[in-house]
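A.B. asks: This is the structure I have questions about; it appears just below.
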Amino acid sequence: WGPGSSFTFVPVGAALNEKKVTLETPIFCENGPWRYGGRFLHDHKYYGEIPVQDVLVKSSNIGAAKIALMLGEEKFFEYICRFGFGQRTGIELPGEIGGLLHAPRTWSAIDITRIPMGHGVAVTPLQMVMAMATIANGGKLLAPRIVKSIVDEHGKVIGQSEPTFVRQVISPEAAARVARALGGVVTNRGTAVEAAVPGYTVWGKTGT
């Protein structure tokens, strides 16, 4: 599954964690197509200078690409892996695959600008859920489980799965900032206003 723009929280989270940007850092999105590596990159709407937060809120491909360029190929790839992409999760189900993620040495000249918007990479839905849950869990990646507990015929719990910590992907502070930006996606400024649920705090990311 190609994640599309739903993948853009990865470069944003990485750049926030590396202190390359803040949510307020302005990113110039070219007011139209942007030529890089001999090819044009487009946004679904034309944007000028927007803050990093709005790269997520407004789903700017160009903004995400420029943030990834600030990180560089190796560092960006490191964070993709840290979020759990390109590797099996270890879920207790047969036939799991690790998705598709190529090492930077095989990237083309434009891959650094296309992978941030979810092109040139394939992920499983479970990997995406885990990565998004990492943001909700304060930057902690937890191993997924199918079974919460096992009970006997009398309803007594005889076995229970405890949360298994895998690694700290980004800092709690960086995770909170990403979450704040993702919350803007479902507001009247974002690309998923119909996903808002009255009475609940909702955040997410659109993708095509």
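The values are calculated or read from the model by the stated rules, or taken from the named source; none is laboratory data. Owing to the predicted nature of the structure, the values given are computational and were not obtained by experimental measurement. Neighbour counts are summed over all protein chains in view; Cβ atoms, including those assigned to glycine, are modelled from backbone coordinates with ideal geometry. The accessibility values were calculated without ligands, DNA or RNA, using every heavy atom of the protein model including side chains. Shrake-Rupley method; radii C 1.70, N 1.55, O 1.52, S 1.80 Å.
A.B. asks: List the residue ranges in the chain for DSSP H helices whose C-alpha atoms run 15 angstrom or more along the long axis and whose Kyte-Doolittle average is 0.5 or above. Show your work: numbers first, answer last.
C.D. replies: Details: long enough: 61-71 (16 Å, 1.46); 125-136 (17 Å, 1.48); 172-183 (16 Å, 0.21).
In the chain, the long hydrophobic H runs are 61-71, 125-136.
A.B. asks: Next question. What do you get for trypsin sites (Lys or Arg not before Pro) in region 13-109 restricted to DSSP loop and a cutoff of at most 11 other Cβ within 10 Å of the site's Cβ?
C.D. replies: Numbers: sites: Lys19, Lys20, Arg35, Arg39, Lys45, Lys58, Lys66, Lys75, Arg82, Arg88, Arg105; in loops: Lys19, Lys20, Lys45, Lys58, Arg88.
Here the trypsin sites (Lys or Arg not before Pro) that fit, given the DSSP loop and packing criteria, are Lys19, Lys45.
A.B. asks: Given the DSSP H assignment, sum -39500 (n - 2.57) over each helix run of at least 4 residues in the chain and divide by its residue total; what's the result at 222 nm in deg cm²/dmol, nearest 500?
C.D. replies: Values: 7 runs with 64 residues, N = 208.
My calculation for the chain gives -8500 deg cm²/dmol from helical runs alone.
A.B. asks: Using the heavy atoms of the protein chains alone and a 1.4 angstrom probe, what is the accessible area of region 9-134 per residue in square angstrom? Working shown, then result.
C.D. replies: Details: 5580 Å² over 126 residues.
Per-residue value: 44 Å².
A.B. asks: Let's test the formula: R0 of 35 Å, r as the Cβ-Cβ distance of Ile158 and Gln87. What FRET efficiency results, to the nearest 0.05? Mind showing how you got there, number by number?
C.D. replies: Numbers: r = 32 Å, r/R0 = 0.91.
Result of the calculation: an efficiency of 0.65.
A.B. asks: Turning to a different aspect of this structure: Can you tell me, using C-alpha contacts under 8 Å and at least 6 residues apart, the relative contact order of region 154-208 as a whole percent?
C.D. replies: On the way: 33 pairs, mean separation 14.4, N = 55.
Once divided by the residue count of region 154-208, the mean separation gives 26 percent.
A.B. asks: Something else: If contacts are Cα pairs under 8 angstrom and at least 6 residues apart, what is the relative contact order of the chain in percent? Before the final figure, lay out each step's value.
C.D. replies: Numbers: 373 pairs, mean separation 52.8, N = 208.
Value for the chain: 25 percent.
A.B. asks: Report in % the part of the accessible area of the chain that belongs to carbon and sulfur, leaving out ligands and nucleic acids; probe 1.4 Å.
C.D. replies: 55 percent
A.B. asks: Another one. Given the Cα-Cα distance of His44 and His102 and 0.36 nm per residue of separation, how much length would full extension add, in nm? List each step's numbers first, then the result.
C.D. replies: On the way: separation 58, 0.36 × 58 = 20.88 nm, distance 2.66 nm.
Gain in length upon complete extension: 18.2 nm.
A.B. asks: What ranking of Ile170, Ile110 comes out by heavy-atom accessible area, probe 1.4 Å, highest first? Working shown, then result.
C.D. replies: On the way: Ile170 0, Ile110 25 Å².
Final ranking, largest accessible area leading: Ile110, Ile170.
A.B. asks: Multiply the residue gap between Ala122 and Glu194 by 0.36 nm, knock off their C-alpha separation, and tell me the result in nm, one decimal place. Let's see the in-between values first.
C.D. replies: Values: separation 72, 0.36 × 72 = 25.92 nm, distance 2.65 nm.
Taking Ala122 through Glu194 to full extension adds about 23.3 nm, to one decimal.
A.B. asks: What accessible surface, in Å², does a 1.4 Å probe find on Glu173, ignoring ligands, DNA and RNA and rounding to the nearest 10?
C.D. replies: About 110 Å², ignoring ligands and nucleic acids.
A.B. asks: Continuing with this model, one more query. Could you give the spread of the C-alpha atoms of region 19-116 along their three principal axes, from largest to smallest, in whole angstroms?
C.D. replies: Extents along the principal axes, in whole Å: 47, 29, 26.
A.B. asks: DSSP loop (so not H, G, I, E, B), at most 11 other Cβ within 10 Å: list which trypsin sites (Lys or Arg not before Pro) in region 108-208 pass both filters. Write out the running numbers ahead of the final one.
C.D. replies: Numbers: sites: Arg114, Lys140, Arg145, Lys148, Lys156, Arg167, Arg177, Arg180, Arg189, Lys205; in loops: Arg145, Lys148, Lys156, Arg189, Lys205.
Passing sites in region 108-208 are Lys148, Lys156.
A.B. asks: Ok, one more. Using the basic label-point model (7 angstrom from Cα toward the beta carbon), what is the Thr208 to Ala133 distance in nanometres?
C.D. replies: So the label points at Thr208 and Ala133 sit 3.0 nm apart.
A.B. asks: Per 5 Å bin, what percent of the C-alpha pairs of region 76-151 does each bin hold, from zero upward?
C.D. replies: Binned Cα distances yield the sequence 3, 14, 24, 22, 16, 11, 5, 2, 1, 1, 0.
A.B. asks: Same structure again: Over the alpha carbons of the chain, what is the largest minus smallest coordinate on each principal axis, giving the biggest first in Å?
C.D. replies: Answer, in whole Å and largest first: 65, 44, 28 Å.
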